[in-house]
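The values are calculated or read from the model by the stated rules, or taken from the named source; none is laboratory data. These numbers come from a predicted model, not from an experiment. Reconstructed Cβ throughout: ideal geometry from the backbone, glycine too, with neighbour counts over all protein chains shown.
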Amino acid sequence: MKKYISAALAVLLAVTVFTGCAAGSRHAEHGDAGKLSVVATIFAPFDFARQVAGEHANVTMLLPPASESHSFEPTPQDIIAIQNADVFIYVGGESDEWVNNVLDSMDRSKMKIVTLMDCVEVVEEEVIEGMDSSDNSEQITVNRDGGETGDAEGAAEVEYDEHVWTSPRNVKLIAQKLSDTFCAIDAANADTYTANTASYLEKLDELDAKFQAVVDAAPRKTLVFGDRFPFRYFADAYGLDYFAAFPGCSTETECSAATVAFLIDKVTAEQIPVIFHIELSNVKIAATIAEATGAEVLELHAAHNISKADFENGVTYLDIMTQNVTALREALQ
(Lines give C-alpha, C1' and ligand atoms only; values in the text may rest on other atoms or scores of the structure.)
Protein backbone atom coordinates (compact mmCIF):
# COMPACT_ATOMS: atom_id res chain seq x y z
CA MET A 1 0.00 0.00 0.00
CA LYS A 2 1.29 3.39 -0.98
CA LYS A 3 0.08 6.25 1.16
CA TYR A 4 0.15 9.71 -0.38
CA ILE A 5 0.33 12.82 1.76
CA SER A 6 -2.60 15.16 1.29
CA ALA A 7 -2.24 18.81 0.39
CA ALA A 8 -3.24 19.64 3.96
CA LEU A 9 0.15 18.44 5.19
CA ALA A 10 1.73 21.61 3.86
CA VAL A 11 -0.48 23.54 6.25
CA LEU A 12 0.50 21.25 9.13
CA LEU A 13 4.18 21.79 8.45
CA ALA A 14 3.65 25.52 8.48
CA VAL A 15 1.99 25.23 11.88
CA THR A 16 5.06 23.41 13.15
CA VAL A 17 7.42 26.12 11.97
CA PHE A 18 5.54 28.89 13.74
CA THR A 19 4.31 27.15 16.88
CA GLY A 20 6.39 24.03 17.43
CA CYS A 21 9.23 25.61 19.36
CA ALA A 22 6.92 27.39 21.76
CA ALA A 23 4.53 24.51 22.31
CA GLY A 24 6.62 22.43 24.68
CA SER A 25 10.04 21.71 26.05
CA ARG A 26 12.52 18.88 25.84
CA HIS A 27 13.57 16.62 28.66
CA ALA A 28 17.09 18.00 28.64
CA GLU A 29 15.87 21.57 29.04
CA HIS A 30 12.78 21.73 31.24
CA GLY A 31 10.95 18.39 30.94
CA ASP A 32 8.08 17.02 33.02
CA ALA A 33 9.66 16.26 36.39
CA GLY A 34 12.75 15.02 34.56
CA LYS A 35 10.85 12.49 32.45
CA LEU A 36 11.66 11.66 28.86
CA SER A 37 9.11 12.67 26.25
CA VAL A 38 8.53 9.68 23.97
CA VAL A 39 6.15 9.72 20.99
CA ALA A 40 5.16 6.57 19.06
CA THR A 41 2.97 6.38 15.99
CA ILE A 42 0.96 3.21 16.73
CA PHE A 43 0.12 0.90 19.63
CA ALA A 44 2.89 -1.71 19.43
CA PRO A 45 5.90 0.65 19.78
CA PHE A 46 3.93 2.77 22.25
CA ASP A 47 3.59 -0.24 24.53
CA PHE A 48 7.20 -1.37 24.05
CA ALA A 49 8.39 2.09 25.05
CA ARG A 50 6.32 2.23 28.22
CA GLN A 51 7.46 -1.26 29.26
CA VAL A 52 11.11 -0.29 28.88
CA ALA A 53 10.90 3.27 30.23
CA GLY A 54 8.50 2.65 33.08
CA GLU A 55 7.87 5.71 35.23
CA HIS A 56 10.75 7.67 33.74
CA ALA A 57 8.97 8.67 30.51
CA ASN A 58 5.76 10.24 29.31
CA VAL A 59 4.87 8.01 26.37
CA THR A 60 2.34 9.25 23.81
CA MET A 61 0.60 7.34 21.00
CA LEU A 62 -0.36 9.44 17.97
CA LEU A 63 -2.89 6.98 16.55
CA PRO A 64 -6.21 7.44 18.37
CA PRO A 65 -7.50 4.21 19.97
CA ALA A 66 -9.87 2.24 17.71
CA SER A 67 -8.55 4.01 14.59
CA GLU A 68 -7.20 2.36 11.44
CA SER A 69 -3.41 2.62 11.39
CA HIS A 70 -2.87 2.41 7.62
CA SER A 71 -4.97 5.50 6.87
CA PHE A 72 -3.56 7.71 9.64
CA GLU A 73 -2.62 11.30 8.87
CA PRO A 74 -1.16 13.62 11.51
CA THR A 75 -2.89 16.63 13.01
CA PRO A 76 -1.04 19.88 13.78
CA GLN A 77 -0.95 18.78 17.43
CA ASP A 78 0.66 15.49 16.41
CA ILE A 79 3.41 17.28 14.51
CA ILE A 80 4.07 19.57 17.45
CA ALA A 81 4.29 16.50 19.73
CA ILE A 82 6.89 14.97 17.40
CA GLN A 83 8.85 18.21 17.24
CA ASN A 84 9.11 18.36 21.02
CA ALA A 85 9.86 14.68 21.66
CA ASP A 86 13.12 13.40 23.08
CA VAL A 87 12.48 10.10 21.30
CA PHE A 88 10.23 9.51 18.29
CA ILE A 89 9.38 5.91 17.33
CA TYR A 90 7.77 4.83 14.08
CA VAL A 91 7.56 1.68 11.97
CA GLY A 92 9.18 2.86 8.75
CA GLY A 93 7.04 1.16 6.10
CA GLU A 94 4.75 2.41 3.36
CA SER A 95 2.09 3.39 5.88
CA ASP A 96 4.58 5.81 7.43
CA GLU A 97 5.44 7.66 4.25
CA TRP A 98 4.05 10.81 5.85
CA VAL A 99 6.72 10.62 8.57
CA ASN A 100 9.60 11.41 6.24
CA ASN A 101 7.85 14.54 5.02
CA VAL A 102 7.28 15.68 8.58
CA LEU A 103 10.80 14.90 9.80
CA ASP A 104 12.36 16.65 6.82
CA SER A 105 10.64 19.84 7.96
CA MET A 106 12.10 19.71 11.49
CA ASP A 107 15.25 20.38 13.42
CA ARG A 108 16.11 16.85 14.60
CA SER A 109 19.38 17.67 16.30
CA LYS A 110 17.95 17.11 19.79
CA MET A 111 15.67 14.19 18.89
CA LYS A 112 16.48 10.48 18.85
CA ILE A 113 14.58 8.53 16.20
CA VAL A 114 13.94 4.79 16.36
CA THR A 115 12.59 3.02 13.27
CA LEU A 116 11.27 -0.47 13.98
CA MET A 117 12.18 -1.80 10.54
CA ASP A 118 15.81 -0.80 11.14
CA CYS A 119 15.92 -2.96 14.28
CA VAL A 120 15.31 -6.30 12.55
CA GLU A 121 15.91 -8.19 9.33
CA VAL A 122 13.01 -7.30 7.04
CA VAL A 123 11.36 -9.43 4.35
CA GLU A 124 9.55 -8.46 1.18
CA GLU A 125 5.78 -8.20 1.29
CA GLU A 126 4.40 -11.08 -0.74
CA VAL A 127 1.19 -11.82 -2.57
CA ILE A 128 0.18 -15.39 -1.84
CA GLU A 129 -1.73 -17.59 -4.27
CA GLY A 130 -5.43 -16.75 -4.15
CA MET A 131 -5.01 -13.25 -2.65
CA ASP A 132 -6.93 -10.33 -4.06
CA SER A 133 -3.94 -8.19 -5.00
CA SER A 134 -5.61 -5.42 -6.96
CA ASP A 135 -3.51 -2.76 -5.22
CA ASN A 136 -0.35 -4.89 -5.48
CA SER A 137 -0.71 -5.99 -9.09
CA GLU A 138 2.96 -5.67 -9.99
CA GLN A 139 4.21 -7.92 -7.22
CA ILE A 140 5.10 -11.53 -7.77
CA THR A 141 2.59 -14.08 -6.53
CA VAL A 142 4.02 -16.83 -4.33
CA ASN A 143 2.52 -20.28 -4.76
CA ARG A 144 2.47 -21.95 -1.34
CA ASP A 145 2.92 -25.33 -3.03
CA GLY A 146 6.26 -24.12 -4.36
CA GLY A 147 7.45 -21.60 -6.93
CA GLU A 148 6.31 -18.18 -8.07
CA THR A 149 3.99 -16.88 -10.74
CA GLY A 150 4.13 -13.55 -12.50
CA ASP A 151 6.89 -11.62 -14.18
CA ALA A 152 9.49 -9.92 -11.99
CA GLU A 153 10.83 -7.91 -14.92
CA GLY A 154 9.43 -4.40 -14.83
CA ALA A 155 7.92 -4.93 -11.41
CA ALA A 156 7.39 -2.05 -9.02
CA GLU A 157 10.00 -1.10 -6.45
CA VAL A 158 10.27 -3.74 -3.73
CA GLU A 159 8.06 -3.14 -0.72
CA TYR A 160 9.07 -4.65 2.60
CA ASP A 161 6.57 -6.03 5.07
CA GLU A 162 6.34 -3.52 7.87
CA HIS A 163 4.63 -5.63 10.53
CA VAL A 164 7.88 -6.60 12.20
CA TRP A 165 6.46 -6.54 15.75
CA THR A 166 4.13 -9.51 15.20
CA SER A 167 7.04 -11.84 16.00
CA PRO A 168 8.00 -11.77 19.71
CA ARG A 169 11.56 -12.53 18.64
CA ASN A 170 11.68 -9.25 16.73
CA VAL A 171 10.17 -7.41 19.68
CA LYS A 172 13.18 -8.45 21.77
CA LEU A 173 15.46 -6.64 19.31
CA ILE A 174 13.19 -3.59 19.27
CA ALA A 175 13.00 -3.45 23.08
CA GLN A 176 16.78 -3.61 23.34
CA LYS A 177 17.15 -0.77 20.85
CA LEU A 178 14.73 1.35 22.85
CA SER A 179 16.61 0.56 26.05
CA ASP A 180 19.93 1.56 24.50
CA THR A 181 18.37 4.79 23.23
CA PHE A 182 16.85 5.74 26.58
CA CYS A 183 20.09 4.94 28.41
CA ALA A 184 22.10 7.09 26.02
CA ILE A 185 20.04 10.22 26.63
CA ASP A 186 19.10 9.65 30.27
CA ALA A 187 22.11 8.01 31.90
CA ALA A 188 20.84 8.83 35.39
CA ASN A 189 18.08 6.25 34.97
CA ALA A 190 20.02 3.74 32.86
CA ASP A 191 19.94 1.08 35.58
CA THR A 192 16.15 1.19 35.63
CA TYR A 193 15.87 0.98 31.85
CA THR A 194 18.26 -1.95 31.83
CA ALA A 195 16.37 -3.78 34.57
CA ASN A 196 13.00 -3.13 32.92
CA THR A 197 14.33 -4.42 29.63
CA ALA A 198 15.76 -7.58 31.15
CA SER A 199 12.39 -8.33 32.75
CA TYR A 200 10.53 -7.62 29.51
CA LEU A 201 12.86 -9.81 27.44
CA GLU A 202 12.23 -12.66 29.85
CA LYS A 203 8.47 -12.27 29.39
CA LEU A 204 8.90 -12.20 25.61
CA ASP A 205 10.91 -15.42 25.81
CA GLU A 206 8.06 -17.02 27.75
CA LEU A 207 5.57 -15.84 25.12
CA ASP A 208 7.77 -17.17 22.33
CA ALA A 209 7.99 -20.53 24.06
CA LYS A 210 4.18 -20.70 24.36
CA PHE A 211 3.70 -20.07 20.64
CA GLN A 212 6.40 -22.59 19.75
CA ALA A 213 4.84 -25.23 21.99
CA VAL A 214 1.44 -24.76 20.33
CA VAL A 215 2.94 -25.13 16.86
CA ASP A 216 5.09 -28.11 17.82
CA ALA A 217 2.08 -29.98 19.20
CA ALA A 218 -0.30 -29.06 16.38
CA PRO A 219 -1.44 -31.51 13.69
CA ARG A 220 -1.69 -28.74 11.08
CA LYS A 221 0.45 -25.72 10.18
CA THR A 222 -1.84 -23.63 7.96
CA LEU A 223 -3.69 -20.42 8.83
CA VAL A 224 -6.52 -18.90 6.80
CA PHE A 225 -7.43 -15.22 7.06
CA GLY A 226 -10.59 -13.71 5.64
CA ASP A 227 -8.83 -10.38 5.99
CA ARG A 228 -5.45 -8.69 5.51
CA PHE A 229 -2.44 -10.74 6.61
CA PRO A 230 -0.02 -8.72 8.76
CA PHE A 231 1.55 -11.84 10.35
CA ARG A 232 4.33 -12.62 7.87
CA TYR A 233 7.09 -12.34 10.50
CA PHE A 234 5.03 -14.40 12.93
CA ALA A 235 4.42 -17.12 10.35
CA ASP A 236 8.09 -17.21 9.38
CA ALA A 237 9.19 -17.43 13.02
CA TYR A 238 7.06 -20.50 13.74
CA GLY A 239 7.12 -22.24 10.36
CA LEU A 240 3.47 -21.65 9.50
CA ASP A 241 1.82 -21.52 6.07
CA TYR A 242 -1.05 -19.16 5.35
CA PHE A 243 -3.70 -18.07 2.89
CA ALA A 244 -5.47 -14.73 3.11
CA ALA A 245 -7.78 -12.34 1.31
CA PHE A 246 -5.23 -9.50 1.09
CA PRO A 247 -1.57 -8.71 1.77
CA GLY A 248 -0.75 -7.05 5.09
CA CYS A 249 -0.86 -3.42 3.98
CA SER A 250 -3.75 -3.63 1.54
CA THR A 251 -6.32 -0.86 1.82
CA GLU A 252 -9.08 -3.04 0.37
CA THR A 253 -12.04 -4.24 2.41
CA GLU A 254 -13.99 -6.02 -0.35
CA CYS A 255 -12.32 -8.87 -2.19
CA SER A 256 -13.17 -10.60 -5.45
CA ALA A 257 -15.51 -13.56 -5.71
CA ALA A 258 -12.55 -15.59 -7.00
CA THR A 259 -10.59 -14.94 -3.78
CA VAL A 260 -13.54 -15.89 -1.59
CA ALA A 261 -14.06 -19.08 -3.62
CA PHE A 262 -10.35 -19.93 -3.39
CA LEU A 263 -10.35 -19.57 0.42
CA ILE A 264 -13.57 -21.56 0.76
CA ASP A 265 -12.03 -24.36 -1.30
CA LYS A 266 -8.86 -24.32 0.87
CA VAL A 267 -10.82 -24.45 4.11
CA THR A 268 -13.00 -27.27 2.79
CA ALA A 269 -10.18 -29.32 1.29
CA GLU A 270 -7.91 -29.07 4.36
CA GLN A 271 -10.74 -29.07 6.91
CA ILE A 272 -9.48 -25.84 8.45
CA PRO A 273 -11.42 -25.29 11.70
CA VAL A 274 -10.89 -21.51 12.12
CA ILE A 275 -11.07 -18.46 9.87
CA PHE A 276 -9.16 -15.52 11.29
CA HIS A 277 -9.75 -11.80 11.09
CA ILE A 278 -7.59 -9.06 12.56
CA GLU A 279 -8.47 -6.41 15.11
CA LEU A 280 -10.94 -3.63 14.30
CA SER A 281 -12.04 -5.45 11.13
CA ASN A 282 -15.56 -5.56 9.72
CA VAL A 283 -15.27 -9.40 9.65
CA LYS A 284 -17.52 -9.69 6.55
CA ILE A 285 -15.16 -11.80 4.44
CA ALA A 286 -14.33 -14.16 7.29
CA ALA A 287 -18.03 -14.54 8.08
CA THR A 288 -18.83 -15.37 4.45
CA ILE A 289 -16.18 -18.09 4.36
CA ALA A 290 -17.32 -19.46 7.71
CA GLU A 291 -20.94 -19.62 6.58
CA ALA A 292 -19.94 -21.65 3.53
CA THR A 293 -17.63 -24.04 5.39
CA GLY A 294 -18.85 -24.29 8.97
CA ALA A 295 -15.51 -23.02 10.30
CA GLU A 296 -15.36 -20.81 13.38
CA VAL A 297 -14.45 -17.11 13.11
CA LEU A 298 -11.77 -15.92 15.55
CA GLU A 299 -9.58 -12.84 15.94
CA LEU A 300 -5.80 -12.94 15.72
CA HIS A 301 -4.76 -9.54 17.01
CA ALA A 302 -1.85 -7.88 15.19
CA ALA A 303 -1.42 -5.05 17.77
CA HIS A 304 -1.68 -2.20 15.29
CA ASN A 305 -4.16 -0.57 17.64
CA ILE A 306 -6.65 -1.40 20.39
CA SER A 307 -10.14 -0.33 21.36
CA LYS A 308 -10.77 2.71 23.53
CA ALA A 309 -11.86 0.46 26.39
CA ASP A 310 -8.72 -1.67 26.16
CA PHE A 311 -6.55 1.44 25.99
CA GLU A 312 -8.17 2.86 29.12
CA ASN A 313 -7.75 -0.49 30.88
CA GLY A 314 -4.02 -0.59 30.15
CA VAL A 315 -4.04 -3.64 27.86
CA THR A 316 -0.52 -4.53 26.69
CA TYR A 317 1.15 -6.28 23.76
CA LEU A 318 1.78 -9.27 26.04
CA ASP A 319 -1.93 -9.40 26.95
CA ILE A 320 -2.89 -9.38 23.28
CA MET A 321 -0.37 -12.01 22.26
CA THR A 322 -1.30 -14.28 25.16
CA GLN A 323 -4.87 -14.27 23.83
CA ASN A 324 -3.42 -15.09 20.40
CA VAL A 325 -1.78 -18.21 21.86
CA THR A 326 -5.23 -19.57 22.71
CA ALA A 327 -6.66 -18.64 19.30
CA LEU A 328 -3.71 -20.21 17.49
CA ARG A 329 -4.07 -23.45 19.43
CA GLU A 330 -7.69 -23.73 18.34
CA ALA A 331 -6.88 -22.95 14.71
CA LEU A 332 -4.16 -25.57 14.41
CA GLN A 333 -6.14 -28.45 15.93
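Output the number of residues of segment 237-256 satisfying the condition of being outside any loop (DSSP other than H, G, I, E, B), of a type in the set (A, V, I, L, M, F, W, C) and either farther than 30 Å from PHE182 by Cβ or not assigned by TED's automatic domain parsing to the domain that holds GLU279 (or both). Explain how you work it out, then say what you get.
Initially, segment 237-256 is screened for residues outside any loop (DSSP other than H, G, I, E, B), giving 237-238, 241-247.
Now restrict to residues that are of a type in the set (A, V, I, L, M, F, W, C): 237, 243-246.
With either farther than 30 Å from PHE182 by Cβ or not assigned by TED's automatic domain parsing to the domain that holds GLU279 (or both) added as a condition, the list becomes 243-246.
Within segment 237-256, residues that are outside any loop (DSSP other than H, G, I, E, B), of a type in the set (A, V, I, L, M, F, W, C) and either farther than 30 Å from PHE182 by Cβ or not assigned by TED's automatic domain parsing to the domain that holds GLU279 (or both) number 4.
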- Tell me, please, whether a residue that is within 25 Å of the chain's Cα centre (by Cα) and among the polar types (S, T, N, Q) can be found in segment 284-301. no
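State all residues of segment 312-331 that are surrounded by fewer than 20 Cβ atoms within 10 Å (Cβ to Cβ) and in contact with a helix residue (DSSP H, G or I) (Cβ under 8 Å, 6 or more places away or on another chain); if no residue qualifies, say none.
Just the residues of segment 312-331 that are surrounded by fewer than 20 Cβ atoms within 10 Å (Cβ to Cβ), to begin with: 312-316, 318-319, 322-323, 325-327, 329-330.
If the condition is that a residue be surrounded by fewer than 20 Cβ atoms within 10 Å (Cβ to Cβ) and in contact with a helix residue (DSSP H, G or I) (Cβ under 8 Å, 6 or more places away or on another chain), then THR316, LEU318, THR322, VAL325, ARG329 are the ones that fit.
Within segment 170-203, can you find the residues that are within 21 Å of the chain's Cα centre (by Cα) and over 23 Å from VAL87 (Cα atoms)? Before you say what the answer is, go through the steps one by one.
Quick first cut of segment 170-203, residues within 21 Å of the chain's Cα centre (by Cα) only: 170-179, 181, 197, 200-201, 203.
The answer is LYS203, and nothing else.
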- Starting from residues that are among the hydrophobic types (A, V, I, L, M, F, W, C) and in a strand (DSSP E or B), keep the ones in segment 194-236 and report whichever is nearest to GLU94 (Cα to Cα). PHE229
- Would you confirm whether any residue within segment 33-49 is at pLDDT below 95, more than 21 Å from ASP180 (Cα to Cα) and surrounded by fewer than 23 Cβ atoms within 10 Å (Cβ to Cβ)? yes
- Considering each residue of segment 275-311, count those that are assigned to a helix (DSSP H, G or I), in contact (Cβ under 8 Å) with a residue 60 or more places away in the chain and either closer than 18 Å to VAL215 by Cβ or among the charged types (D, E, K, R) (or both), and give that number. 2
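Only residues that are out of contact with any Lys or Arg (no Cβ under 8 Å at 6 or more places or on another chain) and not basic (Lys, Arg): list them for segment 210-221, please.
Filtering segment 210-221 down to residues out of contact with any Lys or Arg (no Cβ under 8 Å at 6 or more places or on another chain) leaves 210-213, 216-217, 219-221.
Scanning segment 210-221 gives PHE211, GLN212, ALA213, ASP216, ALA217, PRO219.
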- Query: For segment 233-248, what are the residues that are touching a Gly at 6+ places or on another chain (Cβ under 8 Å) and surrounded by fewer than 24 Cβ atoms within 10 Å (Cβ to Cβ)?
  - Reply: PHE243
- Residues of segment 247-278 satisfying the condition of being within 20 Å of the chain's Cα centre (by Cα) and at pLDDT 95 or above: PHE276, HIS277, ILE278
- Message: Tell me yes or no: at least one residue of segment 184-191 is more than 24 Å from ILE113 (Cβ to Cβ), assigned to a helix (DSSP H, G or I) and charged (D, E, K, R).
- Response: yes
- Message: Out of the residues in segment 158-169 meeting the condition of being hydroxyl-bearing (Ser, Thr, Tyr) and buried (at least 20 other Cβ atoms within 10 Å of the Cβ), tell me which one is nearest to the chain's Cα centre (by Cα).
- Response: THR166
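Yes/no per residue for (1) of a type in the set (S, T, N, Q); (2) in the same structural domain as CYS249 (by TED's automatic domain parsing):
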{"position": "LYS177", "(1), (2)": "no, no"}
{"position": "ALA187", "(1), (2)": "no, no"}
{"position": "ASP191", "(1), (2)": "no, no"}
{"position": "THR194", "(1), (2)": "yes, no"}
{"position": "PHE211", "(1), (2)": "no, no"}
{"position": "LEU223", "(1), (2)": "no, yes"}
{"position": "ASP227", "(1), (2)": "no, yes"}
- Query: Restricting the search to segment 100-127, which residues are at pLDDT 95 or above and either buried (at least 22 other Cβ atoms within 10 Å of the Cβ) or under 21 Å from VAL171 (Cβ atoms) (or both)?
  - Reply: LYS112, ILE113, VAL114, THR115, LEU116, MET117, ASP118, CYS119, VAL120, GLU121, VAL122, VAL123
